[in-house]
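Only one structure is covered here, and it is reproduced in the block below.
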Amino acid sequence: MKIKALTALLTSILISNPSVAINFNDIHSCRAHLDFITESNLNPVPSQYSSSDITQIRKSLAEYNQDIMDKYLEPALQEESGGDADKLKLMKDKIVQNHRIIVKNLEARYQDKRIYMELVLAVDNCIKSVRPSDNLNEELNKTVNTMLSLAMKK
């Protein structure tokens, strides 16, 4: 029941950018995937990959995740809460709760510590649907290419 209420809340928030409209569910899904990859799936560094590759991937994805927070999520939550601190806290608490559920589901699905092709595609789709700041584009493209190369090695 709580998930349905949260989903209704989240889908009611639409974030506008002059060039693209972004659905809050896209943002939430992207952030959960980014957190899963950087904090769980590639932590500690899987032995089949070089530490430098994984460090670069984790750094780049963490920066993108923060960019999403700063550029899209925080401003939308501030606007949606209308300056009501209690409403803002409730919304953030629900987001954190749902975020944990999504990450837990990803952990159950992707139990091996490796880069899965589905995760590479998820990151690529995130970049397309939740545009990063211009200064992150080149690094994120390198990151996706590195992830793709590592995923193909298994």
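Quick note: the coordinates plus some simple rules give every number you see, no bench work behind them. All figures in this text were calculated on a predicted structure; none of them were measured in a lab. With ideal geometry, Cβ positions are generated from the backbone for all residues, glycine too; neighbour counts draw on all protein chains shown.
Observations, loosely collected:
- The alpha carbons of region 115-154 give a radius of gyration and a Dmax of 10.2, 31 Å, in that order.
- With K and R counted +1 and D and E -1, the other residues having a Cβ less than 12 Å from that of Asn145 yield a net charge of -3.
- Gyration tensor (alpha-carbon) shape descriptor, region 72-154, a/c threshold 1.5: oblate
- Fewest-first ranking of Ser29, Ser52, Ser40, using other Cβ atoms within 10 Å as the exposure measure: Ser52, Ser40, Ser29
- Proximal charge balance of Met69 [Cβ under 12 Å; K/R count +1, D/E count -1]: -2
- Contour excess over end-to-end distance, with Cα ends at Ser81 and Asn137 and 0.36 nm allotted per residue: 17.1 nm
- Pairs spanning more than 32 Å between alpha-carbon atoms, out of Lys128/Lys153; Lys59/Lys153; Lys87/Lys113; Lys94/Lys153: Lys87/Lys113; Lys94/Lys153.
- Shown here: percent of Cα pairs over 26 Å apart, derived from the displayed model; of the candidates (i) 51; (ii) 28; (iii) 16, it corresponds to (ii).
- Model label sites at Ala62 and Lys92, defined 7 Å from Cα along the beta-carbon direction, differ in position by 2.0 nm.
- Taking the fewest neighbouring Cβ atoms within 10 Å as the starting point, the ordered list for Asp26, Asp70 is Asp70, Asp26.
- Region 43-154, relative contact order [Cα under 8 Å, separation at least 6], %: 44
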